């Protein structure tokens, strides 16, 4: 059975996510590079069987990565070479290579995708798809990247209704980066 892994960026120690106009992005852009962590992320992304996305994230990623090379962004060739399933009722077409639109029931379809392989698939973001999968306890692992700052405004990573029932986690690893960024890796304890 495939493992579903959530890859999430929490932009502050107080688990707040910032809007696109936040000055926090300038802070993140000014952090020193961490070449070892970037290498681990590239290896992790490259090992995925597929990526699960909603329309908004798909359109954002396609506009950012489609047609780009590794020289433009190290993730671009990985996203191009990996299957992407886009859950949407409104997306007219998915022109980015290896992309398919799925208009079925998210929960049922993800259960089916999980049963069709033995590798792992990645869901990212904080939108409706991610929250629905969390609520229905379909996420098996969480890779949470935390940046070294506090935000006084923004949305929480997950709202109480997103989580549903109590879901204990088991820490698999905690890697502090050379630039103060910490990557937490948890497995859902069942």
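Read the figures in this text as sums done on the coordinates, not as results from a lab. What you see is a predicted model; the values in this text were computed from it and never measured. So basically every Cβ, Gly included, is an ideal-geometry build from the backbone, and we count neighbours across all protein chains shown.
With both bridge residues required to lie in the range 3-188, what share of the DSSP beta bridges run antiparallel, to the nearest 5%?
40 percent
Relative contact order of the range 34-190: what whole-number percent is it, with Cα pairs under 8 angstrom and at least 6 residues apart?
Answer for the range 34-190 is 21 percent.
May I ask for the distance between the Cα centers of the range 163-182 and the range 92-131, given as a whole number of Å?
23 Å
If you take the beta carbon distance between residue 109 and residue 81 as r and set R0 to 25 Å, what does 1/(1 + (r/R0)^6) give as a FRET efficiency, to the nearest 0.05?
The calculated FRET efficiency here is 0.65.
Show me 40-47, 84-91, 171-178 ranked by packing, highest mean number of other Cβ atoms within 10 Å first.
Those peptides, ordered most packed to least, come out 84-91, 40-47, 171-178.
Output the Cα-based Rg and Dmax of the chain in Å, rounding Rg to one decimal and Dmax to a whole number.
16.4, 44
Using just the helices of the chain, give the 222 nm mean residue ellipticity in deg cm²/dmol: DSSP H runs with n ≥ 4 each add -39,500 (n - 2.57), and the total is spread over all residues, rounded to 500.
The per-residue figure over the chain is -8500 deg cm²/dmol.
Can you compute the equivalent ellipsoid semi-axes for the range 36-116, i.e. the square root of 5 times each eigenvalue of the Cα gyration tensor, sorted largest first and rounded to whole Å?
Rounded to whole Å, the semi-axes are 23, 16, 9.
Modelling each spin label as a point 7 Å along the Cα-to-Cβ direction, I'd like the residue 182/residue 153 distance in nm, to one decimal.
2.7 nm
Once fully extended, how much extra length lies between residue 92 and residue 144, figured as 0.36 nm per residue of separation less the alpha-carbon to alpha-carbon distance?
Going from the current span to full extension adds 15.5 nm.
Counting other C-beta atoms within 10 Å, which of 116, 109 has the fewest, and how do the rest follow?
Going from sparsest to densest Cβ surroundings: 116, 109.
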